[in-house]
Amino acid sequence: MTTEDMSQYPLRLEGDNIPMVRFANVRKSYGSLTVLDHLNLDIDMGEMVTIIGPSGSGKTTVLRMLMTLETINGGVIYVDGEPLTHMEKNGVLVPANAAHIRRIRSKIGMCFQHFNLFPHMTALQNCMEGPVQVLGMSKKEAQERSLELLDMVGMADKAGQYPSRLSGGQQQRVAIARALAMRPKVMLFDEVTSALDPEVIGEVTNVIRKLVDAHSLTMLMVTHQMGFARDISDRVCFFHSGAIAEQGSPVELFGAPKNERTQQFLNAVL
Ligand code: ADP
């Protein structure tokens, strides 16, 4: 593998309109399988971007790289102007150490398909855990804030319940409140409605819609629910074979897709 010239990447992004997230030339492979090939993608502050595309096209890998659950094989990811995957050493970018990654990653919250709530804690305790343990917030403040967030997702009356007593949709709403309790600047949603029964999908999509309206959060979402993507996204990116084949506003992408692969995909799923 050739060594990449890191001097082509700025040490940090500067200016008035820097993106909240930037993938600059990002490559990811597993052995000989290239999963993402020179991905370039900027997400503006407060923007809601949805990734759609066939299974295996690299959508989840994009989120996993942002959560630093995967290392990258080339390029740089920036969050809020600072490199996430790299850090400065003697004026050049070198791979980031664990402390640097922890600091930048704290700006990112994620909700997964499987809600991963702590089963031995109530909904309220689930939301308070991170702020108290990681952010060092007082229990009183964490409780007040968690109750506000549970109220926002319509779960205030279930604050004392354990996850096993909640429906899938209710658990997912608690998981969203728990992620928000860490005060992220960027929220990632990975197929958050896929594991839910059809009748409760609306609960979760309404909560996300409310978040989009009420907060200036930057959001990146992977979904196979095209109606939802169309309703709430500022921009939709269609992934194919590890690259963005087409992107645009929901009206452009769903209404008049230009790329043949996008047309084929939408014909098959709509
Ligand atoms: P999508 O979310 O679009 O379905 P993924 O990002 O999950 O796609 O996967 C992209 C490709 O990477 C697929 O071909 C998948 O098989 C492969 N892949 C994902 N994770 C791994 C892994 N840990 N090891 C090897 N291959 C993987």
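Any read-out appearing in this document is the output of simple, stated calculations on the displayed coordinates, not a laboratory observation. The structure displayed is predicted, hence computed values, not measured ones. Positions of Cβ are generated from backbone atoms using ideal geometry, with glycine treated the same way; all protein chains shown enter the neighbour counts.
Grab the eigenvalues of the alpha-carbon gyration tensor for region 1-84, scale each by 5, take roots, and send me the semi-axes largest first in whole angstrom. List each step's numbers first, then the result.
On the way: eigenvalues 91, 65, 17 Å².
Listed largest to smallest, the semi-axes of region 1-84 are 21, 18, 9 Å.
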Original post:
If each of D151 and D42 carries a label point 7 Å out from its Cα toward its Cβ, how far apart are those two points in nm?
Top reply: 3.9
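State the extension gain, in nm to one decimal, for the chain segment bounded by S138 and V92, taking 0.36 nm per residue of separation less the distance between their alpha-carbons. Please report the intermediate quantities before stating the final value.
Values: separation 46, 0.36 × 46 = 16.56 nm, distance 3.90 nm.
Stretched fully, the S138-V92 segment lengthens by 12.7 nm.
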**OP:** Please find the FRET efficiency linking T34 to V251, where r is the Cβ-Cβ separation and R0 is fixed at 41 Å, and quote it to the nearest 0.05.
**Re:** 0.80
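Would you compute, from DSSP H runs of 4+ residues alone, the mean residue ellipticity of the chain at 222 nm, taking -39500 (n - 2.57) per run and dividing by the full residue count, rounded to the nearest 500? Spell out each step's value before the answer.
Numbers: 9 runs with 94 residues, N = 270.
That comes out to -10500 deg cm²/dmol.
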Original post:
Looking only at Cα atoms, what is the convex hull volume of the chain per residue, in Å³?
Top reply: 147
Original post:
Any idea what the alpha-carbon Rg over 2.2 N^0.38 Å comes to for region 33-137?
Top reply: 1.25
**OP:** Just check region 145-232 against the gyration tensor rule for me: Cα atoms, a ≥ b ≥ c as the square roots of the eigenvalues, rounded for a/c under 1.5, and otherwise prolate or oblate depending on whether a/b exceeds b/c.
**Re:** oblate
Original post:
Tally Lys/Arg at +1 and Asp/Glu at -1 over every other residue whose Cβ is under 13 Å from the Cβ of A156; what's the total?
Top reply: -1
**OP:** Can you grab the distance from the C-alpha centre of region 37-102 to the C-alpha centre of region 170-219, Å, no decimals?
**Re:** 21
Subject >> Count of lysine pairs in the chain with Cα separation under 21 Å (8 or more residues apart, or interchain) >> reply: 10
**OP:** For G53, enumerate residues with amide H under 5 Å from its amide H, sequence gap 5+ or separate chain, H modeled in the peptide plane.
**Re:** F239
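Among all stretches of the chain without exposed trypsin sites (Lys or Arg not before Pro) (DSSP loop, at most 16 other Cβ atoms within 10 Å), which one is longest?
Numbers: sites that count: R12, K258.
In the chain, the maximal stretch lacking such sites is 13-257.
Over the chain, calculate the relative contact order: mean separation of alpha carbon pairs under 8 Å at least 6 apart, over the residue count, as a percent. Working shown, then result.
On the way: 486 pairs, mean separation 64.3, N = 270.
Across the chain, relative contact order equals 24 percent.
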